[in-house]
Amino acid sequence: MAAEAAHPVDSARREADEAKLRLSGVAKSYAGRRRGTVQAIGGIDLDVRPGEFVSLVGPSGCGKSTLLYIIGGFIGADGGSVLCDGREVSGPGPDRGIVFQEFALFPWKTVLGNVTWALARRGVSRKDRPEQARRLLSLVGLDEAGRLYPSELSGGMKQRVAIARTLAMDSEVLLMDEPFGALDAQTRALLQEELLRIWDETGKTVLFVTHSVEEALYLSDRIVVLSSRPSRVRDVITPGFPRPRTREQVLADSSYAALYERIWAELREEGPA
Amino acid sequence: MTRLRAASISVAAVLVLLGCWEAAPRTGVAPDQSLPPLSKVLGEVWNVLRDGDFRSQVGLSAGRWAAGLGLAVLIGVPLGIAMGRAQVLRRLVEPLLALLYPVPKVALVIPLLLVLGLRMPSERAGETARIVVIALGCLIPLTVSATHGAAEVEPCLLWSARAAGAGPVRRLLTIVLPAALPQVLSGLRIALAVSIFSLVGAELLVRGKGVGAYLFNAYDIGRYERVWAVTVLVALAGLGLDAVYAWTVRRAVRWWEGDV
Amino acid sequence: MMRLISRAGPLLALAVLIGAWHIAVSRGWLGNPFVLPGPGAVARRAGDLWSDESLPRDLRTTLGRVLAAFALALAAGTIAGLAMGRSTTARAALRPIVGLGFPAPKIAMFPALVILLGLGTASKVALGFAEAVFPIAAAVAAAASRVPERLTWSAESMGASRSAVAFRVVLPSALPGLLAGARVGLIGAIIGVYVGEMVVSSDGLGHAMVAGWRQLDTAQLYVSVVAVSVLGFVLDGLLLLARRRLMRWAPENASG
């Protein structure tokens, strides 16, 4: 394939030093419902720099979540490779934290217990865990909720806990799978601001899957637009709004409407997968 | 994993199990007279099947089984549906069922025999006691599942039916019954297993005629191969019923999502 | 108030049942009191049997067998269920065996079990085990296979090992299903042990019942039936209590 020819081993290694995440030719197909195979992802190349906030948008069903799961190492790709810090991804690992739309909290553990669990897997000593967990919960704005069970929390609070738990892993890469997709509009706006603040404080590399163009424009350094199945990179957009930014500034920026229209036009053209 | 690989692992697991049965007595791991090798037992199965006495006992047992299960369905399902739709009835009956739940219902065959024996000839008393015990055993799973099925009907379904002008009877027949059907059927599946258990249990406890009695007579006279052969046959009957259930339900309730 | 009534429900039902039993016997509706003695006569007989040590002894024997059968079934059923729920190979290997064992009437095996294991405790425990293990294994397998993928993924991405995922994520997540299966299994264990004792035994509550019948001591027969029912009720209650403690995290820990 062209991508392989363009990156001989040496230069690949050198450039991988700069890229936090490097996807080259990632492809995935499924067994079809009746027969044959359906190609979901048709060869994706993408580099994400350290500390960068990159969003993936695309028509629904285009496989953007699948791509994220491949990077997370939860499912294997059929072709291509994923490098994280220059090392080939072969399974889930604490170097890539993930936040799911469904929160995926352990319902039988309290808020504090959920965060502590992640700290314990990381090898934090038993006596340091409560202190660190409290600090993380305070970072996501949940100082008071430590003793509650997830079933006692609102959706927004659950997602805050999930973010705190992922931050507890102290991974440099944060994979986020439509994390605010299940929340109401106000909570969602609030959490977007919080996420930007946390990202600013921690300097994580974020790969963010969303179906909301507004969200992508507000949060990202770069927006990758995927095509419908089999998905490929259709367009890469660098909004370039100044940081730190507020929602009002972004909405008032002269280029916002044009960028919004451009992404929407592309999504409309792709249609539903 | 491919379907073929899964199927071959399944077959292999069963073969290993059957192989152990064949090998254990032959190698002396298990005493030969108490656990005869599979091949001898299968030979005996053939003999038992040709035995006219056995066949007439099977007929007797099948009659009891059908009567007991039928009785339980006729009482339990309507009762459960009514309980699911009428809170008062549910509050009255549910504690009673909770109380009966841990009682070993098969054991009641003996007191029933005693009580009924005063009113009718002993032959009929025994027959009735066994049928009642089978019905009792099946009653709780059938009633409880029908209650849940009827109680969990989506209110919007009933509201839209009412808005369309359907009266209570029509709502019961066209909404409640079909919506409760999956639960009723899963209760029936449990009841099928319970019914065979109760049948054999009742026949073991109060001897007389029937497959359970035949099984125990073989034990009494020390024909252990026959004991194992009848055991295999009863187990196959239980499996067969379960398979017939699954096959029928899958065809009859096509709209049902998920496992039968 | 409603909650109080539903708590008291079984007790109320018990009172009604005993009252009806008393009236039916004293009016002679059910034949003579020899065939079905009234609750008072059964209670007096229970008192006699308690003071001559035979009832406590039988209770201990049966309880020990039930607990042994249940504990073995719980351990085996949980491990088999977890394996079936989480590994496609284990599922392929065990599913036909559970599929064959679940609907098969285990009681028909009892004479064969007696031949194999003898007249004593082992054959009763084996029958109780056989009655209990399949519902537990099937319930755990179903619950373990329904554990949300995102939950195990989260644990894996935090660096949890395979066994940590199995025992610290899948097991607690499958706990509601496990406990529901355990309730069914417990009653199966009691019925298996009791019926086993009735069919062939020289001790235990089941034996006491059959002995009462053979010796025309009908009151003893009813004492045994009541005793095993109380045993079942108490053990089931303990299991529900354990569930309430273990599942404090669930939104409605009393349901199901």
Legend entry - Inter-part distance where segment A:176-190 and segment B:208-226 are each reduced to a Cα centre, Å: 69
Inset, instruction - Within segment B:82-133, list the trypsin sites (Lys or Arg not before Pro) lying in a DSSP loop whose Cβ has at most 14 other Cβ atoms in a 10 Å radius. - result: B:ARG119
Legend entry - Kirkwood Rh in Å, taken over the protein assembly as shown so that all alpha-carbon pairs contribute: 30.7
Legend entry - Degrees between helix C:39-51 axis and first principal axis of chain C (Cα, 0 to 90, nearest 10): 80
Legend entry - Size of the B/C contact, given as accessible area buried on both chains, probe 1.4 Å, in Å²: 4600
Legend entry - Links that overshoot a 27 Å alpha carbon limit, given the list A:LYS28/A:LYS158; A:LYS64/A:LYS204; A:LYS20/A:LYS109; A:LYS20/A:LYS127; B:LYS40/B:LYS105: A:LYS28/A:LYS158; A:LYS20/A:LYS109; A:LYS20/A:LYS127; B:LYS40/B:LYS105
Inset, instruction - Taking only Cα atoms and a 10 Å spring cutoff, compute GNM fluctuations for chain C and point out the largest among C:GLU53, C:GLU149, C:GLU197. - result: C:GLU149
Inset, instruction - Starting from segment C:1-95, pick out the chymotrypsin sites (Phe, Trp or Tyr not before Pro) whose DSSP state is loop and whose Cβ has at most 14 other Cβ atoms within 10 Å. - result: C:TRP29, C:PHE34
Legend entry - ³J(HN,Hα) computed for each position of segment A:206-211 - Karplus, 6.51 cos²θ - 1.76 cosθ + 1.60, integer Hz, glycine/proline x: 10, 10, 10, 8, 8, 10
Inset, instruction - List the accessible area buried at the contact between A and C, summed over both sides and calculated with a 1.4 Å probe, in Å² to the nearest 100. - result: 1900
Legend entry - Test item: B:11-20 mean partner chain Cβ contacts at 10 Å: 2
Inset, instruction - Enumerate the amide H contacts of A:ASP235 below 5 Å, restricted to partners 5 or more residues apart or on another chain; note that Pro and chain-start residues carry no placed amide H. - result: A:VAL225
Inset, instruction - Report, to the nearest whole %, how much of the accessible area of segment B:37-252 belongs to carbon and sulfur atoms, 1.4 Å probe, protein only. - result: 68
Legend entry - 0 to 90° range, to nearest 10: angle between helix B:224-252 axis and chain B longest Cα axis: 30
Inset, instruction - Taking amide H positions as placed in the peptide plane 1.01 Å from N, state which residues far from A:VAL99 in sequence (5 or more) or on other chains have amide H under 5 Å from it. - result: A:LEU175, A:MET176, A:ASP177
Legend entry - Expected 222 nm ellipticity per residue - DSSP helices of 4 or more, -39500 (n - 2.57), all of chain C, to 500: -26000 deg cm²/dmol
Legend entry - Net charge contributed by nearby residues that have their C-beta within less than 12 Å of B:ALA161 (K/R +1, D/E -1): +2
Legend entry - Per-selection metrics, chain A (Cα): Rg and Dmax in Å: 19.0, 56
Inset, instruction - Report ³J(HN,Hα) in whole Hz for each residue of segment B:163-180, in order, from the Karplus equation J = 6.51 cos²θ - 1.76 cosθ + 1.60 where θ = phi - 60°; Gly and Pro get x. - result: 4, 7, x, 7, x, x, 5, 5, 4, 4, 6, 9, 10, 5, 4, x, 5, 7
Legend entry - Mean shadow area of segment C:53-248, taken as a quarter of the surface of its Cα convex hull (nm²): 12.3
Inset, instruction - Can you tell me the relative contact order of chain A? Whole percent, Cα pairs under 8 Å, sequence separation 6 or more. - result: 25
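Taking only protein heavy atoms into account and a 1.4 Å probe, give the accessible area per residue of segment C:122-256 in Å².
On a per-residue basis, 36 Å².
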Legend entry - Average other protein chain Cβ within 10 Å of Cβ, residues C:110-122: 4
Inset, instruction - Could you order A:SER60, A:SER24 so the one with the most accessible surface comes first? Probe is 1.4 Å. - result: A:SER60, A:SER24
Inset, instruction - Using a 10 Å cut-off on Cβ atoms, rank the peptides B:21-34, C:105-118 from the highest mean neighbour count down. - result: C:105-118, B:21-34
Legend entry - Debye log10 I(q)/I(0) at q = 0.18, 0.19 Å⁻¹ for segment B:37-252, Cα point scatterers: -1.23, -1.30
Inset, instruction - Please tell me the relative contact order of chain B in percent, rounded to the nearest whole number, where contacts are Cα pairs under 8 Å and at least six residues apart. - result: 24
Inset, instruction - Determine which residues of segment A:93-135 fall in the zone a paramagnetic label at A:LEU148 would reach in this model, i.e. backbone nitrogen under 12 Å from the point 7 Å along Cα→Cβ. - result: A:111-112
Legend entry - Karplus 3J(HN,Hα) series, Hz, for segment B:83-93 with 6.51 cos²θ - 1.76 cosθ + 1.60 (x for Gly, Pro): 5, x, 9, 10, 4, 4, 4, 4, 5, 6, 8
Legend entry - For A:GLY79, distant residues with modelled amide H under 5 Å away: A:ALA27
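The values are calculated or read from the model by the stated rules, or taken from the named source; none is laboratory data. Keep in mind the model is a prediction, meaning the values are calculated, not measured. Ideal geometry is used to build each Cβ from the backbone, glycine not excepted, and the neighbour counts take in all protein chains shown. With ligands, DNA and RNA removed, areas are computed over all heavy atoms of the protein, side chains included. Shrake-Rupley method; radii C 1.70, N 1.55, O 1.52, S 1.80 Å.
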